[in-house]
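As structure tokens, the structure follows; a few thoughts come after it.
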Amino acid sequence: MNVSKILIAGCFTAFLSLPAGAQELTGTLKKIKDTGTITIGYRESSIPFSYLDDNQKPVGFAMDICAKVVATVKKELKLDKLDVAYTPVTSATRIPLIANGTVDLECGSTTNNADRQKQVAFTNTHYLTASRFVSKKSSNIKSIADLAGKTVVSTSGTTNIKQLNEANTERKLNINIIPAKDHAEAFLMVETDRAVAFVMDDILLSSLVAGAKDPSAYVISEDAFSKPEPYGIMLRRDDPAFKTVVDGATAALYKSPEIMTIYTKWFQSPIPPKNLNLNVTISAPLKKAFANPTDSGDPAAY
Amino acid sequence: MDYHWNWAILWAPSPDGNGTYFDMLMDGLKWTIATSVCAWLVALVFGSLVGVARTLPFKWLARLGDAYVELFRNIPLLVQLFLWFFVIPEMLPHDWGTFVKQLRYGPFLTAVVGIGFYMSSRVAMQVSAGINTLPRGQRMAGTAIGLTTAQTYRYILLPMAYRIMLPPLTSEFLNTIKNSSVALTIGLMELTGSARAMQEFSFQVFEAFTAATVIYLLLNAVVTIGMRMLERRVSVPGFNAGK
Amino acid sequence: MSVFSDFDFNIIARSLPYLFREGMTFTLTLTAIATIGGVLLGTLIAMARLSSLPVLPALAASYVNVMRALPLVLVIFLFYFLMPYIGQWILQADRPIQVGALSSTIITFTLFEAAYFSEIMRAGIQSIPRGQVAAGYAIGLTYSQMMRYVVLPQAFRNMLPVIFTQMIVLFQDTSLVYVLSITDFLGAASKVGQRDGRLTEMYLFAAAVYFIISLTASMLVKRLQARIAIAR
């Protein structure tokens with residue numbers, strides 16, 4: 001796929017604001033124009049990307065990015081008013097809900113990979129993270145091999161639980177794998193000793209640990225189940241017009257200094273609900289991915 | 001419909017490495033059956049005890065039985081499962097709690113206990129109702145020929161009552177099978193959970209849930225037919241209270 | 001470590017507005033609309049089942065039997081994903097129709113509970129003595145007039161306690177939308193509990209609220225039952 005071409009087209013449409021009436025609107029754009037509403041799917045506990053704050057309103061890094069996308073869509077369609085509807089999604093429901101039209105943009109922590117691209121589309125990558133596990137220091141688990149024969153939890157419908165399943169089969173570890181509905185529930189299983197470890201993207205694990213009652217009781221593994229993989233905002237497949245607008249909006253944002261303001265807001269300052277500071281500096285590959293936005297699902301591309 | 005059907009997915013290998021997606025659903029079916037049967041035993045035992053207690057001539061015992069039924073009947077099953085899974089272990093002494101939580105089949109055992117007690121309140125209502133529909137003369141006849149209360153129940157009331165109760169109990173057992181699906185919320189990979197996992201891994205939503213639907217219908221048919229045969233075998237000629 | 005030593009009642013007090021204004025409102029709206037929809041659709045299904053037309057009774061019976069053989073959790077998942085495609089098919093639109101979480105669950109529960117309500121209404125209709133039907137026809141009523149003025153009002157009245165009992169079951173069943181992360185009462189309680197690490201408090205509180213509502217409702221049903229029994 002020629003990414004740069006799409007990007008140029010995206011920027012072009014986004015910033016020159018071609019009169020919307022000039023071309024026949026199709027797909028999601030037409031729907032948004034007709035209904036005056038765009039539906040955003042958010043997560044319950046993908047901190048700091050998409051989660052519920054103290055007032056149970058969805059907030060986060062990905063939500064801020066989506067707000068920019070919504071603004072661009074509104075401008076693009078020349079709408080005076082664009083309502084935003086929020087629908088909660090889980091790892092298990094997000095892909096069918098995008099595919100069946102319930103949700104237009106999924107703003108969270110969804111790994112972009114070749115497998116999923118057969119079902120949905122992703123816009124430019126907004127984060128890179130590897131799959132690791134968290135456990136209690138007291139259980140003294142150092143490596144993936146140490147998980148053998150133990151009960152391990154992961155969130156259902158994630159790439160992580162798939163990787164855990166594959167590693168389990170490949171290395172004959174006899175791990176008892178429990179699927180949980182969302183990250184908070186999965187972490188709770190480790191906190192209450194229901195499971196010895198929780199396999200997930202390391203950034204999500206760090207934020208869950210930071211929010212735990214006693215963060216010093218937990219350790220995140222060195223051992224990884226995967227290379228750093230890209231996160232992208234999800235949209236429907238086979239809708240090039242909408243994708244062009246969304247790609248244009250995200251590319252413009254990522255290339256501008258504003259992305260660092262948003263990054264600092266969520267990764268290097270106190271965030272709700274507990275005013276914790278995750279203190280995660282931006283990695284070199286992510287910096288590169290912001291400078292040259294890409295929607296590639298291949299970890300090797302970063 | 002704007003959806004790409006691909007039934008061959010059932011025979012594609014699943015990422016859990018234990019064979020195909022169809023095998024995954026079959027594993028789910030096994031857990032559904034195991035959970036339902038074990039929970040049903042719990043429900044029968046406790047439901048019968050409580051159901052009988054509610055018909056005994058001791059007021060306080062009947063009250064206690066009523067309280068039991070109301071308690072387990074008026075809290076949603078999902079909430080009860082969460083109480084058993086997340087709350088009760090925290091209330092036990094620490095070592096016991098840890099032991100309970102680290103049981104390898106924690107979700108299965110919790111489901112058996114949780115669904116078992118939930119269903120026991122319904123069984124108890126059926127048992128009391130079954131005993132109460134028997135003509136009062138039967139109880140009196142028992143007393144008249146010198147049987148103790150226990151003997152009256154053992155030899156006269158219960159054998160008749162259970163026969164009458166067989167059809168409603170069959171439908172409660174079918175409910176138990178359906179209710180076992182709620183255990184997916186505590187991580188039990190029963191049939192609905194397996195279908196959900198198949199959907200997540202293969203993205204073939206409707207193949208997964210349609211296959212599960214067909215399996216539930218077959219399971220339902222097998223149980224229904226089996227119980228009809230049982231009803232016919234144990235029926236008492238001339239005493240056709242169960243219709 | 002005992003849970004009660006650090007039992008935090010404060011968290012419940014602080015989250016009350018959210019729990020009730022958002023969570024319980026969703027739960028009660030879903031319960032009310034699905035009950036009304038379920039009874040109406042269920043009555044139609046019951047009439048179809050008892051009609052003397054050729055295919056209709058078999059069709060209605062299959063619908064009821066299939067729905068009653070399936071777990072609600074499965075149906076909730078399936079319909080949540082399926083509904084937009086059905087909408088597309090009905091409206092002949094070029095892409096799936098957007099169906100919100102509340103509408104989707106309302107339709108799901110209505111269709112599912114209609115199977116159960118239809119059994120109740122069928123029993124209600126059958127409880128009306130045949131003589132009344134014959135009398136209705138004798139004074140020249142049509143089938144629909146007879147149903148409307150003679151059979152259904154009585155059937156409905158006789159079955160009112162059973163309908164309400166089923167409504168209490170439905171009220172409890174709505175908690176299953178938890179699997180879709182929808183903020184019903186239980187969903188709200190668990191979101192607060194997970195965010196603040198206070199699941200024990202929140203689940204116990206949720207259990208107490210469901211218990212009190214269901215118990216009160218079932219006691220009211222018992223009273224109603226007694227009154228109806230006298231009236232008959």
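Note down the Stokes-Einstein diffusion coefficient of chain B in µm²/s, whole number, using a Kirkwood radius over alpha carbon pairs, 37 °C, and 0.692 mPa s. Stokes-Einstein gives a translational diffusion coefficient of 162 µm²/s. State the percent of C-alpha pairs, over all pairs in the stretch A:131-220, separated by a distance greater than 18 angstrom. For the stretch A:131-220, the fraction of Cα-Cα distances above 18 Å is 34 percent. Decide, for the stretch A:226-296, between rounded, prolate and oblate: order the square roots of the alpha carbon gyration tensor eigenvalues as a ≥ b ≥ c, take rounded if a/c falls under 1.5, and otherwise choose prolate if a/b is larger than b/c, else oblate. It comes out prolate by the Cα gyration axes.
Using a ≥ b ≥ c from the Cα gyration tensor of the stretch A:148-198 (square roots of the eigenvalues), is it rounded, prolate or oblate, where a/c under 1.5 gives rounded and otherwise the larger of a/b and b/c decides, a/b for prolate? In terms of gyration-tensor shape, oblate.
Summing -39500 (n - 2.57) over the DSSP H runs of n ≥ 4 in chain B and dividing by its residue number, what mean residue ellipticity at 222 nm do you reach, to the nearest 500 deg cm²/dmol? Only helices count here, giving -23000 deg cm²/dmol.
Calculated from the alpha-carbon coordinates, the stretch C:13-140 shows an Rg and a Dmax of 18.8, 65 Å respectively. Is there a pair in A:Lys68/A:Lys142; A:Lys213/B:Lys30; A:Lys172/B:Lys30; A:Lys81/A:Lys288 whose C-alpha atoms are over 32 Å apart, and which pairs would that be? Violating the 32 Å limit, Cα to Cα: A:Lys68/A:Lys142; A:Lys213/B:Lys30; A:Lys81/A:Lys288.
Size check on the stretch A:60-124: the Cα extents along the three principal axes, sorted descending, read 37, 23, 22 Å. Modelled spin labels at A:Asp298 and B:Glu70, positioned 7 Å past Cα toward Cβ, are 6.8 nm from each other.
Which FRET efficiency, nearest 0.05, do A:Lys255 and C:Arg157 yield, Cβ-Cβ r, R0 56 Å? Walk me through the intermediate numbers first.
Numbers: r = 70 Å, r/R0 = 1.25.
E between A:Lys255 and C:Arg157, to the nearest 0.05, is 0.20.
Shown here: chain C, whose C-alpha atoms stretch 74, 56, 27 Å along the first, second and third principal axes, sorted largest to smallest. Note on the stretch A:191-291: dipole from Cβ charges, positive end direction compared against A:Leu278, A:Val209, A:Ser226; the farthest Cα belongs to A:Leu278. Report summary: the helix-based calculation at 222 nm, which adds -39500 (n - 2.57) for every DSSP H run with n ≥ 4 and divides by the residues of chain A, gives -11000 deg cm²/dmol. Across the protein assembly as shown, the volume of the C-alpha convex hull divided among the residues equals 192 Å³ per residue. For chain C, the relative contact order comes to 29 percent (Cα pairs under 8 Å, sequence separation of at least 6).
A crude spin-label estimate for the pair A:Gln117 and A:Lys172, with each label 7 Å from Cα along the Cβ direction, gives 3.6 nm.
Can you compute the FRET efficiency between C:Ile90 and C:Ser144 using 1/(1 + (r/R0)^6), with r the Cβ-Cβ distance and R0 = 30 Å? Round to the nearest 0.05. The partial results should precede the final answer.
Values: r = 26 Å, r/R0 = 0.87.
Efficiency computed from Cβ-Cβ geometry: 0.70.
Between A:Thr123, A:Thr250, A:Thr26, the residue with the greatest mean-square fluctuation in the GNM of chain A (Cα pairs under 10 Å linked by springs) is A:Thr26.
Only four residue types carry charge here, +1 at the Cβ of Lys and Arg and -1 at the Cβ of Asp and Glu. Report the dipole size of the stretch B:34-188 about the Cα centre in Debye, rounded to the nearest 20.
Details: 12 positive and 5 negative charges, 92 e Å.
Here the size comes out at about 440 debye.
Approximating the spin labels as points 7 Å out from Cα along Cα→Cβ, the C:Phe9-to-A:Ser269 distance works out to 3.9 nm. Along the axis of the charge dipole computed for the stretch A:131-220 (Cβ charges of +1 for Lys and Arg, -1 for Asp and Glu, origin at the Cα centre), the listed residues A:Ile161, A:Ala197, A:Gly149 are led at the positive end by A:Gly149. With the Kirkwood sum run over all distinct C-alpha pairs, the stretch C:81-138 has a hydrodynamic radius of 14.4 Å. Scattering from the C-alpha atoms of the stretch A:205-247 alone, worked out with Debye: what is log10 I(q)/I(0) at q = 0.15, 0.24 1/Å? Each listed q corresponds, in turn, to -0.64, -0.87. Based on alpha-carbon atoms only, what is the radius of gyration of chain A relative to the globular estimate 2.2 N^0.38 Å? Rounded to two decimals, the normalised Rg is 1.01. At an R0 of 25 angstrom, the distance between the Cβ atoms of C:Ile36 and C:Ala135 translates into a FRET efficiency of 0.25. Tell me whether the stretch C:88-188 comes out rounded, prolate or oblate; compute the Cα gyration tensor, take square roots of the eigenvalues as a ≥ b ≥ c, and use a/c under 1.5 as the rounded threshold. Oblate is the answer for the stretch C:88-188, as a/c is 1.5 or above yet b/c matches or exceeds a/b.
All of the numbers you see were taken from the coordinates with simple rules; none came from a lab. No experiment lies behind these values; they were computed from the predicted model shown. Cβ atoms come from the backbone with ideal geometry, glycine included; neighbour counts cover every protein chain shown.
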